[in-house]
Amino acid sequence: MNYSCIVIDDEPYALGAMGDLIDRCPQVSLNKTFLSVVEALEFLNEGNAVDIVFSDINMPDINGLEAARLLTPHCRFLVFVTAYPDHSLQAFNVRASGFLLKPVGLLELTELISSFKKNDDALLSASSAEPTSEDSIFIKGGLKNQYVRVNINDIVYIKADLNYNWIHTTTTKHYTYASLSSLAEKLKRKGIFIKVSKSALLSTIHIEKVDGNTVHLSNKECVTIGATYKASFHEFIKRHSINF
């Protein structure tokens, strides 16, 4: 598949350089370039949605970070292109899909587009696959012979509490007397759960933001990373961060 894109940068030379690079990159076609976010939004608000928006960060009037909320409804991927590597964390906080450091090379751009395509292919494969019993688990509750079916992808995190565990999902929570270690082993094959303390196991697909040693989750709750788990957790974040 070919991705459509626009480029926003207040420097004409940078626009030209990025446009030339995109012309050399397979699977990407350039629709238009803009010298400001305002001009780009006028174009996008006319119904000209694109797959990717490449935007500089340091620009007059509205900079890229401030405009992220306005740009994201019109594209599938928002990619920041900047000469300042210290902007990467800010880009992460506004949920950018990618981060390219100027001067951008063809290899970096191609690798980023390839990562988008890989994710799209995985989602397409997952959506076409037949549901299996491994998509859910049965949780034994407090009553005799009582079991509750829980969709694994709906589990946000699991928290140990005295002699039982609370399983927090996107909509509710369940408790079970199964140990945290047995739950971790049961969920291990899904590859999306990570232990962040002696009493907490969380789903990485529900991580919204990491602020120091605090993890903000999709259900608006927060979990603190335990001291002995900091290194492994931050190594996981590093492996899944944008490299520059």
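Read the figures in this text as sums done on the coordinates, not as results from a lab. The structure presented is a predicted model; accordingly, all values stated were derived computationally and were not measured. Ideal geometry is used to build each Cβ from the backbone, glycine not excepted, and the neighbour counts take in all protein chains shown.
Before moving on, here are some points about what is shown:
- Those residues of the stretch 162-202 whose amide nitrogen sits under 14 Å from the label point placed on N151, 7 Å along Cα→Cβ: 169-172
- Potential lengthening between N2 and R76 on full extension [0.36 nm per residue; Cα-Cα distance subtracted]: 25.3 nm
- Distance between the pseudo-spin-label points of N58 and D10 (7 Å out from Cα toward the beta carbon): 1.0 nm.
- With R₀ fixed at 25 Å, the C-beta to C-beta distance from L106 to A231 puts the FRET efficiency at about 0.10.
- Distance between the pseudo-spin-label points of S181 and W166 (7 Å out from Cα toward the beta carbon): 2.4 nm.
- Counting neighbouring Cβ atoms within 10 Å and putting the fewest first, the residues D20, D154 line up as D20, D154.
- Förster radius 22 Å - calculated FRET efficiency between S136 and K173, Cβ distance, rounded to 0.05: 0.85
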